[in-house]
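*Asks:* Dropping a structure here in structure tokens format, bear with me for questions.
The values are calculated or read from the model by the stated rules, or taken from the named source; none is laboratory data. Fair warning: this is a prediction, and the values are worked out from it, not measured in the lab. Here the Cβ is made from the backbone with ideal geometry for all residues, glycine too, and neighbour counts use every protein chain on show.
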Amino acid sequence: MHDAEGFRKFVAVRGRALSRAAYLLTGDHAKAEDLMQETLAKAAAKWRRISAADDPEAYLKTMMINQLRTWHRPRRLVFFPTSQPPDTAAPPPDTELKIVLRHALTTLTAKQRIVLYLRFYEDLPEAQIAARLGCSIGTVKRHTHDALKRLRKAGIHEPA
């Protein structure tokens, strides 16, 4: 029972940061919720081992990244023909930059999104990213370069 209580306390304190990480990795609220649920379900089962780690939060974020990498959901649009046109709701209040950025992020591969998240949000050096992802530093640099190139092409530029 002690493990379950410790897990609940950890999620209460760090859940928001984990949720933000999941959203930044997926770019979609529903997918972020799925990612969080799957990760937390797996983490709860082995919380004793995770809580003994040097940095349980980093451990969980690595679990999220690994879970995201295993998803192989095809990105297909599914149309359901109906006799009525769909209701048109007002778009959520987003700034133009958020809309452009959100769209631009959808053009990136999952690996590119993961590398950008680790590099710019988690502020990890390339060597640590390579170690987490099990690849070379050159691969990390390549994914970073390709992702930033795609974002620039979409009109997203780094601040001066």
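*Asks:* Could you list all residues from region 100-119 that are polar (S, T, N, Q) and either assigned to a helix (DSSP H, G or I) or modelled with pLDDT of 90 or more (or both)?
*Replies:* If the condition is that a residue be polar (S, T, N, Q) and either assigned to a helix (DSSP H, G or I) or modelled with pLDDT of 90 or more (or both), then THR106, THR109, GLN112 are the ones that fit.
*Asks:* Are any residues in region 109-143 farther than 21 Å from MET63 by Cα and of a type outside the set (Gly, Ala, Ser), and if so, which ones?
*Replies:* LYS141, ARG142
*Asks:* Quick check on my filter: what residues within region 17-35 are free of Cβ contacts under 8 Å to residues at least 24 places away in the same chain and of a type outside the set (Ser, Thr, Tyr)? Outline the logic, then answer.
*Replies:* Narrowing region 17-35 to residues free of Cβ contacts under 8 Å to residues at least 24 places away in the same chain: 19-20, 23, 28-34.
Result: ARG20, ASP28, HIS29, ALA30, LYS31, ALA32, GLU33, ASP34.
*Asks:* Still on this structure: Suppose we keep only residues that are in a loop (DSSP other than H, G, I, E, B) and at pLDDT 90 or above within region 124-160. Which one would you say is surrounded by the fewest Cβ atoms within 10 Å (Cβ to Cβ)?
*Replies:* In this case the residue turns out to be GLY134.
*Asks:* Follow-up. Determine, yes or no, whether ARG69 is in contact with a helix residue (DSSP H, G or I) (Cβ under 6 Å, 6 or more places away or on another chain), of a type in the set (Lys, Arg) and surrounded by fewer than 21 Cβ atoms within 10 Å (Cβ to Cβ).
*Replies:* Judged against the criteria, ARG69 is not a match.
*Asks:* Scan region 1-59 for residues that are within 19 Å of ASP123 (Cα to Cα) and of a type in the set (A, V, I, L, M) and report the count.
*Replies:* So the answer is 7.
*Asks:* Take the residues in region 23-69 that are outside any helix (DSSP H, G or I) and among the small types (Gly, Ala, Ser), then tell me which one is farthest from GLN128 (Cα to Cα).
*Replies:* Ranking the qualifying residues of region 23-69, first place goes to GLY27.
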